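What follows is a single structure, written as structure tokens, with notes after it.
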Amino acid sequence: MQQLRVLIVDDEAHFRAPIRAVLESAGMEVMEAGTATQMDAIMSRFEVDMLLLDVNLPGEGGLQIACRLKQTRRIEIIMMSALGDVEHRVNGLSSGADYYLPKPVDIRELLAVMQRCRRYSSVEKTVPTPWQFQATKWLLITPDGVEHQLSKSERDILDRLISLAGKPVTRQQLYAAMGVPNYPPESRSLDIHITRIRRRFTTATYAIPIKTVRNVGYLFFETVRVHH
């Protein structure tokens, strides 16, 4: 098997060093970067298989980096952060990370996650596992093939987002889809529904690809197979 090439992107050298030592002892080729600019310089010269990415970086942050890279490259991203609560994990996975690990990182867990990501990636290349949506049956099928029965609000929101996948959907459009065309400006009902959907459809290996579009609404940014 080809040697795995890993890039650690973290602004703390004392955090990168021990991880690099362990990964190199496991036979991997490891490179380091402290900023997005350094990362881009390395990735312009080398093909990287896996990224170990810190959330809080100077300049462009980890969430923005993950979102950008996933749109242009096939690369496995393991996000690492001292912020380990559910909402931060959801944000990390929704931005494009394949896995989210809280700091301090347990090296045994990291190695296990890296092995899992690599195995999942090799399967993904031969067996497509897109999101699937059946509006008439109120079903969302996640990338692991599991069918989930949706509530009315979940179905209405996802139906509108998925019908316009790849395009921003305004808050007004989503409220209209929920049957509330004249919502008060201070209403947070939509945001609460979106948060619940993200939490429900986020696991260790995938997150529902709904992105917040600031001052506009939301965006479903992955391909969906729609069944009528």
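For the range 189-228, what are the residues that are at pLDDT 90 or above and of a type in the set (D, E, K, R)?
Listed by number, the residues that qualify are Asp191, Arg196, Arg198, Arg199, Arg200.
Considering each residue of the range 19-46, count those that are in contact (Cβ under 8 Å) with a residue 12 or more places away in the chain and either in contact with a helix residue (DSSP H, G or I) (Cβ under 9 Å, 6 or more places away or on another chain) or open to solvent by less than 60 Å² (accessible area, probe 1.4 Å) (or both), and give that number.
17
Filter the range 44-70 down to the residues that are part of a loop (DSSP other than H, G, I, E, B) and among the charged types (D, E, K, R), then identify the one that is modelled with the highest pLDDT.
Our first condition is that a residue be part of a loop (DSSP other than H, G, I, E, B); within the range 44-70, this holds for 44-49, 55-61.
Then drop every residue that is not among the charged types (D, E, K, R), which leaves 45, 47, 49, 60.
Numbers: Arg45: 88, Glu47: 86, Asp49: 88, Glu60: 91.
The extreme case among them is Glu60.
Is it the case, given these coordinates, that Thr136 is touching a residue at least 60 places away in the same chain (Cβ under 8 Å), under 30 Å from Pro102 (Cα atoms) and in contact with a strand residue (DSSP E or B) (Cβ under 9 Å, 6 or more places away or on another chain)? Quick ask: steps written out before the conclusion?
Details: touching a residue at least 60 places away in the same chain (Cβ under 8 Å): yes; under 30 Å from Pro102 (Cα atoms): no; in contact with a strand residue (DSSP E or B) (Cβ under 9 Å, 6 or more places away or on another chain): yes.
Spelling it out, it is not the case that Thr136 is touching a residue at least 60 places away in the same chain (Cβ under 8 Å), under 30 Å from Pro102 (Cα atoms) and in contact with a strand residue (DSSP E or B) (Cβ under 9 Å, 6 or more places away or on another chain).
Restricting to the range 106-165, what's the tally of residues that are part of a helix (DSSP H, G or I), modelled with pLDDT under 90, among the polar types (S, T, N, Q) and open to solvent by 30 Å² or more (accessible area, probe 1.4 Å)?
The total comes to 2.
From the list Asp11, Asp49, pick out the single residue that is surrounded by 15 or more Cβ atoms within 10 Å (Cβ to Cβ), of a type in the set (D, E, K, R), farther than 29 Å from Thr223 by Cβ and touching a Ser or Thr at 6+ places or on another chain (Cβ under 9 Å). Outline the logic, then answer.
Values: Asp49 fails: farther than 29 Å from Thr223 by Cβ.
Selected residue: Asp11, the only one of Asp11, Asp49 that is surrounded by 15 or more Cβ atoms within 10 Å (Cβ to Cβ), of a type in the set (D, E, K, R), farther than 29 Å from Thr223 by Cβ and touching a Ser or Thr at 6+ places or on another chain (Cβ under 9 Å).
On the basis of being in contact with a Leu (Cβ under 9 Å, 6 or more places away or on another chain) and under 28 Å from Gln64 (Cβ atoms), does Thr223 make the cut?
Values: in contact with a Leu (Cβ under 9 Å, 6 or more places away or on another chain): no; under 28 Å from Gln64 (Cβ atoms): yes.
No: the conditions fail for Thr223.
The values are calculated or read from the model by the stated rules, or taken from the named source; none is laboratory data. Everything quoted here is computed from the prediction, not taken from an experiment. Using ideal geometry, Cβ is built from the backbone for each residue, glycine included, and neighbour counts are taken over all protein chains shown. Heavy atoms of the whole protein, side chains included, go into the accessibility calculation; ligands, DNA and RNA do not. Shrake-Rupley method; radii C 1.70, N 1.55, O 1.52, S 1.80 Å.
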